[in-house]
Amino acid sequence: MTATISPTPANQAISRIHTDLFIGGDWTPAASGARFTVENPATGVPLAEVADADADDARRALQTAAAHQADWAATSPRFRSEILYRAYQLIMDRADEIAAVMTAEMGKPLADARGEVAYGAEFFRWFAEEAVRIDGDHTVTGDGNNRIVVSKQPVGPCILITPWNFPLAMGTRKIGPAVAAGCTMVFKPAELTPLTALLLTEILAEAGLPDGVLNVVTTTDPAAVVGEWMGSGQARKVSFTGSTEVGKILLGQAAATVMRTSMELGGNAPFIVCADADVDRAVDGLLVAKMRNMGQACTAANRIFVHRSVIDEFTEKLTGRMRALVVGDGADDDTQVGPLVEAKAVDKVATLVADALDRGAGATCGGARPDGPGHFYPPTVLTDVDPDADLMHTEIFGPVAAIIPFGSASEEGVDEVIALANNTPWGLVGYAYTRDIDTADLLSTRLEVGMVGINTGLVSNPAAPFGGVKQSGLGREGGRLGIEEFLDVKYVSRPIPKR
Ligand code: ADP
């Protein structure tokens, strides 16, 4: 079954997407026949009706993945590598079409969506290269009597769960290493953005991924579907990107069967502008760290600590740039800031801003939600934010820059700002702008985060190990470590014959 929709350019691409479940290489409706509607967040217009799976469908999908695990694990690394490389090329060939679908269902401007297509595809190219480099170890016991042969094997069937904010890249970042390692999968994309994931599924099938390796289940009842998988005992690993709240539920469920887990959870990123920073560069960096995806990223700068000696210049320049941003439907070429993903997201941002203003913050731009259709919130700069304001302790997930002063005319305040930055249960990423190499070193060492951007507002890269500490998660995605999350170590002991 395919979608029925009105004929606009993005919708032509959507009308060709399969909207059923993908199990064992077949597109099949949910057994109950249920479907749910995917909407465009800029307009509220329905885009497609997608299969709405329940626990029975989920069971069928995982049984299929489990049944194909042994054959898939026995394929050659080169075979798996070439599938990923072909999929990388197909994604790049169809970049405009994928970007249009992503913008329609999620709202990000087309230029950002094209950026995500390149970023997301790169995970497949990276893991195509990693598939043929899975290493091991070979040594001898201290007494010289035994060989120690260490090799790596796929962990087994994996549960992959992705959020809506990067509908392509969060999928490729998990599917890429799972394919490279030889794991079969059940994949549940976010209910707000299933279309990009379904398009990706078609591309993988076209690239030659054997039937049953990837099984895709869309649903409005993630607790039922994922709960079925977590409790089945058939899956050996869960890789999740989403909220810390749901991550904790999954960690609890994983304990029952001692399942391997990778958790990319929430963040509360500090963005630090030191007294000696290049202010123009810091403003450029903040626009990326804050405004990428309209602030809807776990890496988004949430708390902006600016030294008092540069705070006026920084605030003025930032306000000018934020005011100039063009807000609109992401499908319009000149749009720089699209809508938030749903009405609930706008409510949350508006509530956080109102709380900060009540506690004495000022707004140099934005700060009020507009009327009209679509889930829009304007670029907003808040100054003198109270450290107790709710948005200091909550992921804003919106285009709101909250500025907090630190230091004084006589104090660089590095220790002070590190203490402020670390005062959170999260620890995903921190950004810092300074021209001093020792300050950069100190901040890199002492910030309690998994990733640090020094004089840059972007750390995500397929070649780098993405992940956090504290309640931001467990494990790493991408880089050399990414594939290890999908591999178990096996050690074989063999006596050495005496000559
Ligand atoms: P967000 O706030 O970014 O939407 P969520 O953690 O709610 O983050 O969602 C991320 C992913 O987790 C989505 O695919 C969603 O369907 C899924 N999810 C939500 N609730 C549960 C749950 N109870 N069990 C498993 N997955 C869930």
Percent breakdown of C-alpha pair distances by 20 Å bin, ordered from the shortest bin, for the chain: 23, 53, 22, 2, 0
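Counting only other residues whose beta carbon sits under 14 Å from that of ASP358, what net charge do I get with K and R as +1, D and E as -1?
Numbers: positive: ARG359; negative: ASP355, ASP384, ASP386, ASP388, ASP390.
Net of charged neighbours comes to -4.
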Long-range amide H partners of GLU39 with built H, under 5 Å: LEU47
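Find how much the distance from LYS344 to ARG59 grows on full extension, using 0.36 nm per residue of separation minus their present alpha carbon separation; answer in nm with one decimal.
Working: separation 285, 0.36 × 285 = 102.60 nm, distance 3.10 nm.
My answer for the length gained is 99.5 nm.
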Burial order of peptide ranges 230-240, 488-498, 445-455 (average beta-carbon count within 10 Å, highest first): 230-240, 445-455, 488-498
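Relative contact order for the chain using alpha-carbon pairs under 8 Å, separation at least 6, rounded to a whole percent?
On the way: 1183 pairs, mean separation 87.1, N = 499.
Across the chain, relative contact order equals 17 percent.
Which shape class, rounded, prolate or oblate, goes with region 37-83 when its Cα gyration tensor gives a ≥ b ≥ c as root eigenvalues, a/c under 1.5 marks rounded, and past that a/b bigger than b/c marks prolate? Can you show the working numbers first?
Numbers: a/c = 6.50, a/b = 1.84, b/c = 3.53.
Oblate shape, in that a/c is at least 1.5 and b/c is the bigger or equal ratio.
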Summed residue charge, Cβ within 11 Å of PRO425's Cβ, Lys/Arg positive, Asp/Glu negative: 0
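What is the extension gain from ASP358 to ASN461, computed as 0.36 nm multiplied by their sequence separation minus the C-alpha to C-alpha distance, in nm to one decimal? Each step should come with its number before you reach the end.
Working: separation 103, 0.36 × 103 = 37.08 nm, distance 3.85 nm.
In short, 33.2 nm is gained.
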Modelled label reach - ASP332, point 7 Å along Cα→Cβ, region 369-401 residues with backbone N closer than 15 Å: 370-379
Of LYS108/LYS290; LYS174/LYS470; LYS348/LYS470, those spanning more than 19 Å from alpha-carbon to alpha-carbon: LYS174/LYS470; LYS348/LYS470
For region 269-461, size of Cβ-based charge dipole, Lys and Arg +1, Asp and Glu -1, in debye: 340
Within region 1-140: Cβ-based charge dipole about Cα centre, in debye rounded to nearest 20 (Lys, Arg +1; Asp, Glu -1): 220
Estimated dipole of region 83-236 in Debye, rounded to 20 [Cβ of Lys and Arg +1, of Asp and Glu -1, Cα centre]: 300
Local electrostatic count at GLY453 - Lys and Arg +1, Asp and Glu -1, tallied over other residues with Cβ under 13 Å: +2
Between 0 and 90°, nearest 10: helix 222-232 axis offset from the chain longest Cα axis: 40
Cβ-based charge dipole, the chain, positive-most Cα from THR335, GLY482, PRO109: GLY482
Whole-Å distance, taken between Cα centres, linking region 104-181 and region 427-470: 22
Length gained when the stretch SER410-ALA256 is fully extended (0.36 nm per residue, less Cα-Cα span): 49.9 nm
Spin-label pair ASP436/THR139, simplified geometry with 7 Å Cα→Cβ offset, distance in nm: 4.3
Histogram of C-alpha separations across region 269-461, 10 Å bin width, %: 10, 40, 36, 12, 2, 0
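Within 10 Å, count the other beta carbons around each residue, average over each peptide in 321-329, 286-294, 256-264, and list them highest first. Each step should come with its number before you reach the end.
Working: 321-329: 16.4, 286-294: 24.0, 256-264: 18.2.
Highest mean packing first, the order is 286-294, 256-264, 321-329.
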Highest to lowest packing among 11-22, 344-355, scored as the average C-beta count within 10 Å: 11-22, 344-355
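Values in this text are rule-based calculations from the coordinates and carry no lab data. Keep in mind that this is a model prediction, so the values were computed, not measured. Please note: Cβ atoms are built from the backbone with ideal geometry, for glycine as well, and neighbour counts cover all protein chains shown.
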